[in-house]
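Novice: First the structure, then my questions, so here it is.
The values are calculated or read from the model by the stated rules, or taken from the named source; none is laboratory data. Quick caveat, the model's predicted, so the values are computed rather than measured. Cβ sites come from the backbone with ideal geometry, for glycine too, and all protein chains shown count toward neighbours.
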Amino acid sequence: MQLRRIPGIKWPPDWGRPYARGEKFEIGEDGGTLAGAKLKHDHIELSADFNGKQPRDVVRHKDIELLKRIEEVLRTHVGRPLREVGDSEVPDK
């Protein structure tokens, strides 16, 4: 199933980081690439790259085995466009 279609997973993430007054917020997938993904107990920490800006977010799910499969897919897509990452297939159990 495509990452963006997995029930309980929000894709694209709500990218966040400290912003200066008047600075543009990164939203969604357009123009960004996946910079990193790391499984941490019950969530995956994500970072993206939008023209040198590195916003972060997390992907949470109660199914830890699903998170492990998602992380494997994400780690193979580091450096790839975020839209492509969202379209990637996460294997079933």
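Novice: Mind checking which residues of the range 60-81 are assigned to a strand (DSSP E or B) and at pLDDT 95 or above?
Specialist: 81
Novice: Select from the range 59-81 the residues that are exposed (fewer than 15 other Cβ atoms within 10 Å of the Cβ), basic (Lys, Arg) and more than 15 Å from residue 12 (Cβ to Cβ) and list them in ascending order.
Specialist: Once the filter is applied, which keeps residues that are exposed (fewer than 15 other Cβ atoms within 10 Å of the Cβ), basic (Lys, Arg) and more than 15 Å from residue 12 (Cβ to Cβ), the range 59-81 yields 62, 68, 75.
Novice: Among (1) buried (at least 16 other Cβ atoms within 10 Å of the Cβ); (2) free of Cβ contacts under 8 Å to residues at least 60 places away in the same chain, where does residue 56 come up short?
Specialist: Condition (1) is where residue 56 drops out.
Novice: Test residue 27 against the criterion of being at pLDDT below 85 and either among the aliphatic types (A, V, I, L, M) or touching an Asp or Glu at 6+ places or on another chain (Cβ under 7 Å) (or both), and give yes or no.
Specialist: Criteria met by residue 27.
Novice: In the range 82-93, how many are assigned to a helix (DSSP H, G or I) and surrounded by 14 or more Cβ atoms within 10 Å (Cβ to Cβ)?
Specialist: Here the count works out to 5.
Novice: Another question, then. Has the range 65-83 got at least one residue that is free of Cβ contacts under 8 Å to residues at least 24 places away in the same chain, out of contact with any Asp or Glu (no Cβ under 8 Å at 6 or more places or on another chain), more than 18 Å from residue 2 (Cα to Cα) and of a type in the set (D, E, K, R)?
Specialist: no
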